[in-house]
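What follows is one structure encoded as structure tokens, with my remarks underneath.
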Amino acid sequence: MKLEKWREIHELSYEKLAKTLLINDVENPAMQVWKYCQREAIPRKDRMIQIVKITGGQVMPNDFYLNDK
């Protein structure tokens, strides 16, 4: 499942998802999450692990690489 779909299902804002993922080391965490959700950026390893953990495995690393079908 794509991160954007997971975010929508759980009715989270980009800001709330950034807080949930503990992203606080960039100037605009919500913008960073938006980039992940729009697949404009791929999370680094520590963030990828956190995404898999927080989503209960519903969003996996390959979801950032594979095209929608």
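Just to confirm a number: summing +1 for Lys and Arg and -1 for Asp and Glu over residues other than Arg47 whose beta-carbon lies under 15 angstrom from that of Arg47, what do you get?
Charge balance near Arg47 sits at +3.
Which entry in (i) -0.44, -1.28; (ii) -0.49, -1.26; (iii) -0.40, -1.45 is this structure's computed log10 I(q)/I(0) by the Debye sum over Cα atoms at q = 0.15, 0.27 Å⁻¹?
(iii)
Please compute the contact order of the chain in relative form: average sequence separation of alpha-carbon pairs under 8 Å and at least six residues apart, divided by the residue count, as a percent.
Values: 57 pairs, mean separation 25.2, N = 69.
Normalised by residue count, the contact order of the chain is 36 percent.
What does the charge count near Gln38 come to, summing +1 for each Lys or Arg and -1 for each Asp or Glu among other residues with Cβ under 10 Å from its Cβ?
That sum, taken over residues with Cβ under 10 Å, equals +1.
Around Pro61, what is the net charge, scoring Lys/Arg as +1 and Asp/Glu as -1 over all other residues with Cβ under 14 Å from its Cβ?
+4
At 1.4 Å probe radius, can you tell me the per residue accessible area of the chain in Å²?
68 Å²
With charges set only on the Cβ (+1 for Lys and Arg, -1 for Asp and Glu), what does the dipole of the chain come to about its Cα centre, in debye to the nearest 20? Present the calculation step by step, with values, prior to reporting the outcome.
Values: 12 positive and 10 negative charges, 40 e Å.
The calculation lands at about 200 debye.
The values are calculated or read from the model by the stated rules, or taken from the named source; none is laboratory data. Values in this document were obtained by computation on a predicted structure and should not be read as measured data. Quick reminder, even Gly has a Cβ in these numbers, built from the backbone with ideal geometry, and neighbours come from all protein chains shown. Side chains included, ligands, DNA and RNA excluded: accessible areas come from the protein's heavy atoms. Shrake-Rupley method; radii C 1.70, N 1.55, O 1.52, S 1.80 Å.
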